[in-house]
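Q: Pasting a structure below so you can have a look.
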Amino acid sequence: MRATTFSEFLRYYRRRAVLSQEGLAARTGLGVRTLSDLERGRVQTPQAQTVDLLVTGLGLNATEAAEFVALARSSPTSAPRAERTDCAPPPATRLTGRAAEQDELAECIHAAAASSVLDVVLVHGPPGVGKTSLAVDAAHRFAGAFTDGCLYLDLRGMDATPLTPDRATERVLRAFGVPDTSLPSDPADRSRLYRSMLRERTVLLVLDNAANEAQVRPLLAASPGSLVLVTSRNVLAGLDCRARLDLGPLSHDDSVALLAATAGADHVLADRESADLVAALCGGVPLALAIAGHRLAGRTTWSLRHLADRLSDERARLDVLATGDVQVRTAFEMSYRQLAPRTATIFRRLALVHGPDTSVALAAIAADVPAEDAETSLEELVDASLLRPGVPGRYSCHDLIRDYARERLHSEEPDHETHRLRTRDWLLTTATVAASAFHPDDQGASDLASADRWLTDELANWRGAFREAVDDGAHEQVLALARSMHWYSDHRGPSELWREVYSAGVAAAGELGDLERQAQQLNFVCWVYFARHPNIPLALRWHEEALRVARECGSLEETAWAHYYRAGIESRLGDHETGVTHARKAAELFREAGQPMNVVFALSYTGVLLQRLGRFDESAATQRACLAQERALRGNQRGVSLENAAQLMLRLADALVGAGRPDEALDVVAEAEELLAQGAPNLRAMVRHTRGRALVAAGRLTEARVQLTGAVETLSDPETMVSLLMELAGLCDRMNDHDAAMRHRVRALAECEGYESPGMSRLRHEVAEALGISVSAQDRAEERVRVEVLGTGRHEPVGGVEELPQRPGR
C-alpha cells in the first residue's frame, strides 16, 4: 500500500488490526485522547517514541513501518478542507420556482446534523427539470454547515462511460490532499482509505447525475452528521434514502417568471397572453423555458407571439428549443440511448397515443407486445423518468418527451403506419363497444361503471383516434362511433366533444349517402345546441335541416325525433304551448313507427311542459301514466333503462312539488335515487336538485340548502345551473345568510357567459339586476331584437329538475 497522510494511515492500520482506540491505547501505553488527536490531525509533529510504539502496537511490517515513520516526519497530518479542491461544486445559478424544494433540502440538511446514521437524499426527475441546479444551489448554500465542507462529483450517469466508483474515490482522495504518488494502487485499498477518510469527517457529499444504485453505494461512506445528496434521472428505487424529491415541471406562474428572467421582463409585460402560451408549450421544463428565453433575447426581431407560433408546431418544437450546443433534444437523447431495445420500442410507439396518459392495454396494442411485457417496459420508463406513474395501471408522458418519441418513431420506424392503424382501430372499436353498453335494451350492460370508466380514462386517446379516422376518410368507423355515443352522451362528456362527434357523423353519413343516418346525426347536433351548449339560432338551423332530410328519406323515426327536439327548443324560447304541440306530434309519430318506449318519453316531456305552464295536477297525472307504462315496457331491463325510469320519477316528483305535495315528492325522489345507484354525476345532481326543491316547499330550509349546494357542483345543463344558483341565493336570503347569497349570484353571473339563448339572456339580466349591476339600454335593445328573430315573446322561469327532453332509444 502506498503512503498518504500520517493521520489517515494511523486510522487505516488501526482498523485493519480490528482495534478500537481504547484497544490500541492498551497495547501501546498511549492515551486515548492522544490517539484521537493523532487520527484527527490535531498533532502536527508526533514524537519518534510515539511513532515507534504505534509501529509495534499495529504490527506493521518493515515496508509499512518505513513509510509510516517517513510520513510522521515529512508533513503535517491535517488535510485541506474539501471545498478548496477540484471537487468543488460548479457556480450556482439563481433558481426560479423551487422554493418548496429548497426548503425541504434545508430541513434534511439540518436533520442530518443530529442523525445517528448517514443521511442520503435523492433528487430524481425527467431530463431538463433542474436537478443539478437544485443540488448545486444546496451545495453553495449549505457547505458551511458541515465541518469539512462540500464535495461535488459529476458521476456522468448518462454518458456512454459513466464515472466508475473507483475513479470517483480517486477524485475524493485527491480532494483531501492525497498526492498521486501516495494513492494506493489496489482498488480495494483505495476504497478502504476513502471510507476511512470520510468516516472521520462531516461533509456535504453531492453525487450528481448518478446512473444507478451500483454506482452510488460504494461512495456512501461519510460519517453520521454528513449528508449525501444524489441526483439522477433514474428513480434509484433500491437506494435507502432519508428523503426522495420527485422533481417535476414548474407551475405555470413560475414558468412565466423563468421566461421573464431569461427573455427579459419587458417581453412578458408587453404580451402576457403569448408568454402564457410559450410557458404552456414548454411544459414547465426549466431547460426548455431557458432556451426559449435565450432565443428570444438573442433575436431582437422576434416577438413572443412569433416564438409561440413556432413552438405550436409539434413537428418543429424541438428544433426551436435549441440554442448553440444546448438542446432539449440532447437531454432526451441521453436517456433514450440508455433504454433496452424492447423498452425503446414501446417508448417510440407511445407517440401513437394522443392523450396525456396511457393504460397498459393501450400501450401493448400500440407496441404490438403482450400486456405483461408492456407493463414491464412502462415501469422501466418510469424508472428512467421518461414516464410518470398515475393511478395504478396508467402512465403519463410529458408533451416534449412525446415530441421526441415521435421523432424517434419517424426516424427509426418509417413503416409505422401499420402500428398507427392498429392503435386507431382498437381505440375506436373499444370505444364503440363501451358506449353501446349504455343502450337501454338487452344490448346494454347491467354494470355501466366499467364502460364509463374506460370512456372517461381514455377520452383523449379515443378522441384522437376518432380525429385520425375523420382525416383518413374512414366514414364507416366514424359513423359507427357517433351512433354508439347517443345514450352515453346524454349525461356524460363535455359539450364540445359531442359537437365534434356528431358533426363528423353528419359528414360521414353524407359521404356514405345514408340519408336516414344523416338525419339522425343532424338531430344529435341540434340536441347539443339546445341542451348541452345552448345556442338557439344554431339549434334551429340544425333542426330545420334534420327535419328536411328526415322527410326526404321518409324516416318516421327521425321525423319524430326532429319534433321531439323542437319541443326542447321551444321550451328554451319560453313558448311551452308550442313545445307541447311538438312533443305530442313526436309521440304520435313514434306510435306510428311502432316505438312504444319513445312514445312514453315524448308524453313525459309533454308533462314537463305542462308543468312549465302551471298546470301542475295535469302534469303529475301525465307523469304517473307515463311511469306506469314505462314499468310495463321495461320488464327486467337494466343499466340505462333504470336511469330512464329514475328520470321519469324525478319529473313526477317535480310536478308534485309544483302541485303543493312535497311529502309525496320526497318519497318519489327516494325511489328514484335507489334506482340510480351509482349513476352519472349529472343524474345524482338531478336527485339532489329535486329533493332540495321539495324540502324548500316543506319548509325544511337547512336540509334543502345542503341538497341544492350539492346539486350545483355536478349539473351539466348551464341554464339549469344558473337557475339553481339563483334559487340557492334566494334560499340563503331567507335564512339571513346574505353573504352566501351574494356569492351564489356572482357565480351565476359568471356561468351565464358564452351561451346564446333567450333563457340565458333573461337569467343574465336577472342576476345582474339582483347584484345591482346596471344593464345598458343597448343590451336590452339587442335582447329584444334577438327575441323577435327567434319568434318568441315570452320569457318564463326555467324551473323544474330537467327541462330538456330525454332521448329514448334509437
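Q: How about region 273-328: which trypsin sites (Lys or Arg not before Pro) there lie in a loop by DSSP and see at most 14 other Cβ atoms within 10 Å?
A: Answer by residue number: ARG299, ARG315.
Q: Find which of THR34, LEU613, LEU287 sits farthest along the positive direction of the dipole of the chain, computed with +1 on the beta-carbon of Lys and Arg, -1 on that of Asp and Glu, about the Cα centre.
A: Most positive-ward Cα: THR34.
Q: Find how many whole Å separate the alpha carbon centroid of region 121-162 from the alpha carbon centroid of region 323-376.
A: 27
Q: If the only charges are +1 at each Lys and Arg Cβ and -1 at each Asp and Glu Cβ, what is the size of the charge dipole of the chain around the Cα centre, to the nearest 20 debye?
A: 2120
Q: As I understand it, the value is the acute angle between the Cα axis of helix 616-634 and the longest principal axis of the Cα atoms of the chain; what does it come to in degrees, rounded to 10?
A: Compared with the principal axis, the helix lies near 70 degrees.
Q: Pairs of alpha-carbon atoms within less than 8 angstrom and 6+ residues apart define the contacts here; what relative contact order does region 537-681 have, in percent?
A: For region 537-681, the relative contact order is 15 percent.
Q: Under the rule of at least 5 residues apart or a separate chain, name every residue whose amide H is placed under 5 Å from the amide H of THR231.
A: It is VAL123, LEU207, ASP208, ASN209, ALA210, by chain and number.
Q: Follow-up. Heavy-atom accessible area of ASP240 with all protein chains present, probe 1.4 Å, nearest 10 Å²?
A: Number for this one is 130 Å².
Q: Sort ARG705, ARG349, ARG624, ARG33 from largest to smallest accessible area, using a 1.4 Å probe on the heavy atoms of the protein chains.
A: Sorted by accessible area, descending: ARG33, ARG624, ARG705, ARG349.
Q: Still on this structure: From largest accessible area down, sort ILE365, ILE109; use a 1.4 Å probe on the protein chains.
A: Result of the area sort, largest leading: ILE365, ILE109.
Q: Test of understanding: what is the full-extension gain from GLU22 to ALA106, defined as 0.36 nm times their sequence separation minus their Cα-Cα distance?
A: Computed gain between GLU22 and ALA106 is 26.5 nm.
Q: From Cα pairs below 8 angstrom and at least 6 apart in sequence, can you work out the relative contact order of region 372-520, rounded to a whole percent?
A: 17
Q: If I stretch the segment between GLU713 and ASP159 completely, what's the gain in nm (0.36 nm per residue apart, minus their alpha carbon distance), one decimal?
A: Contour length minus the Cα-Cα distance gives 194.3 nm.
Q: Now, a different point. Rolling a 1.4 angstrom probe over the protein heavy atoms, how many square angstrom per residue are accessible across the chain? Please report the intermediate quantities before stating the final value.
A: Values: 32830 Å² over 810 residues.
That works out to 41 Å² per residue.
Q: A further question on this structure: For the chain, what is the calculated [θ] at 222 nm in deg cm²/dmol (nearest 500), taking -39500 (n - 2.57) for each run of four or more DSSP H residues and dividing by its residue count? Walk me through the numbers before you get to the answer.
A: Numbers: 40 runs with 506 residues, N = 810.
So the calculated ellipticity at 222 nm is -19500 deg cm²/dmol.
Q: Hey, if you put +1 on the Cβ of every Lys and Arg and -1 on every Asp and Glu Cβ in the chain, which of LEU183, THR709, SER115 ends up farthest toward the positive end of that dipole?
A: LEU183
Q: Next question, about the same structure. In nm, to one decimal, how far is the modelled label at GLU273 from the one at ASP86, with both set 7 Å along Cα→Cβ?
A: Label-label distance for GLU273 and ASP86, simple model: 5.6 nm.
Q: Carbon and sulfur atoms: what percent of the 1.4 Å accessible area of the chain do they account for?
A: Of all accessible area on the chain, carbon and sulfur atoms account for 50 percent.
Q: Further question on the same structure: I'd like the accessible area for VAL117, computed on protein heavy atoms only with a 1.4 Å probe and all protein chains in place. Round to 10 Å², please.
A: Its accessible surface works out to 80 Å², give or take rounding.
Q: Karplus couplings for region 25-35 from phi (6.51 cos²θ - 1.76 cosθ + 1.60, θ = phi - 60°), rounded to Hz, Gly and Pro as x?
A: Coupling constants for region 25-35: 4, 5, 6, 9, x, 7, x, 4, 4, 4, 5 Hz.
Q: Pairs of Cα atoms under 8 Å, at least six residues apart: use those to get the relative contact order of the chain, whole percent.
A: 8
Q: To the nearest 20 debye, what is the magnitude of the charge dipole of region 686-754 about its Cα centre, counting +1 on the Cβ of each Lys and Arg and -1 on the Cβ of each Asp and Glu?
A: 280
Q: Let me ask something else about it. Considering only protein heavy atoms, what is the solvent-accessible area of MET334 at a probe of 1.4 Å, reported in Å² to the nearest 10?
A: About 60 Å², ignoring ligands and nucleic acids.
Q: Could you check the simple spin-label distance between VAL326 and ASP663, using points 7 Å along Cα→Cβ, in nm with one decimal?
A: Each label point lies 7 Å from its Cα, and together they span 7.6 nm.
Q: Can you find, among VAL172, ALA367, LEU455, the residue farthest towards the positive end of the dipole of the chain? Put +1 on the C-beta of Lys and Arg, -1 on that of Asp and Glu.
A: The Cα lying farthest towards the positive end belongs to VAL172.
The values are calculated or read from the model by the stated rules, or taken from the named source; none is laboratory data. The model shown is predicted, which means the values in this text are computed figures rather than measured ones. Here Cβ is always computed from backbone atoms with ideal geometry, including for glycine, and neighbour counts include all displayed protein chains. Heads up: the accessible areas ignore ligands, DNA and RNA and are worked out on the full protein's heavy atoms, side chains in. Shrake-Rupley method; radii C 1.70, N 1.55, O 1.52, S 1.80 Å.
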